[in-house]
Amino acid sequence: EVRCGAPAFAWFAEDEGGLLAVDLGGALLRVKARRYLYATGGYDVNALFTDNDRPGICAARAVGTLLLKHGVVPAKRPLVLGHGEYADALAGALEKSGVPVERVDNRVQKPIASRGSSWVSGLEVEMAGARRKLACDLVAVVEPPAPASELPRMHGAEVDFSLEGGGF
């Protein structure tokens, strides 16, 4: 049986053989099975640099949703931090909307710190030992998502970091 829109939220190992709790929109479904497959999705993660939680620094997927789904251009001077297909597509879509886009490939340029008194006004990066400040009013961060692993870990799954794989 397949149930969509029914989030599994807890694993109770102390029950005989284990029990998976599923929310059916106000009703509780107790699931016992021989095997479980978790397809959890993932969370956006931020890049590591000083003041990476300053307002105006956000996940690239959020910026893409604002732009492509809602037609909102979220900045006048956006900076896309990251590399790969999604970073390229987002930068291209922002440019098509009429705003100049600054690109920082974090494989080549290392983000050091955000700048600004409250909202972000720039990003300091380092490349080949030299630092420079890039003006921006939004930093869209493209990083590999971290798996939503809480429930599988309750069930006994181990989570390992893979540098080659780009994350956990």
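A few comments on the model shown:
- Scan of the stretch 1-19 for residues that are without any contact (Cβ under 8 Å) to a residue 60 or more places away in the chain, open to solvent by less than 50 Å² (accessible area, probe 1.4 Å) and within 18 Å of R153 (Cβ to Cβ), ordered by number: L19
- Under the condition of being part of a loop (DSSP other than H, G, I, E, B), touching a residue at least 24 places away in the same chain (Cβ under 8 Å) and either within 17 Å of the chain's Cα centre (by Cα) or buried (at least 16 other Cβ atoms within 10 Å of the Cβ) (or both), the residues counted in the stretch 100-120 number 3.
- Any hit, the stretch 63-81, residues being in contact with a strand residue (DSSP E or B) (Cβ under 9 Å, 6 or more places away or on another chain), in a loop (DSSP other than H, G, I, E, B), buried (at least 17 other Cβ atoms within 10 Å of the Cβ) and not basic (K, R): yes
- Breaking point among (1) over 30 Å from A10 (Cβ atoms); (2) part of a loop (DSSP other than H, G, I, E, B); (3) in contact (Cβ under 8 Å) with a residue 12 or more places away in the chain, for A87: (2)
- All positions within the stretch 20-46 that are of a type in the set (D, E, K, R) and free of Cβ contacts under 8 Å to residues at least 60 places away in the same chain: D23, R30, K32, R34, R35
The values are calculated or read from the model by the stated rules, or taken from the named source; none is laboratory data. Just so it is clear, the structure is predicted and the values come from calculations on it, not from any experiment. Heads up, the Cβs are rebuilt from the backbone with ideal geometry, glycines too, and the neighbour counts pull from every protein chain shown. Surface accessibility is based on the protein's heavy atoms, side chains included, excluding ligands, DNA and RNA. Shrake-Rupley method; radii C 1.70, N 1.55, O 1.52, S 1.80 Å.
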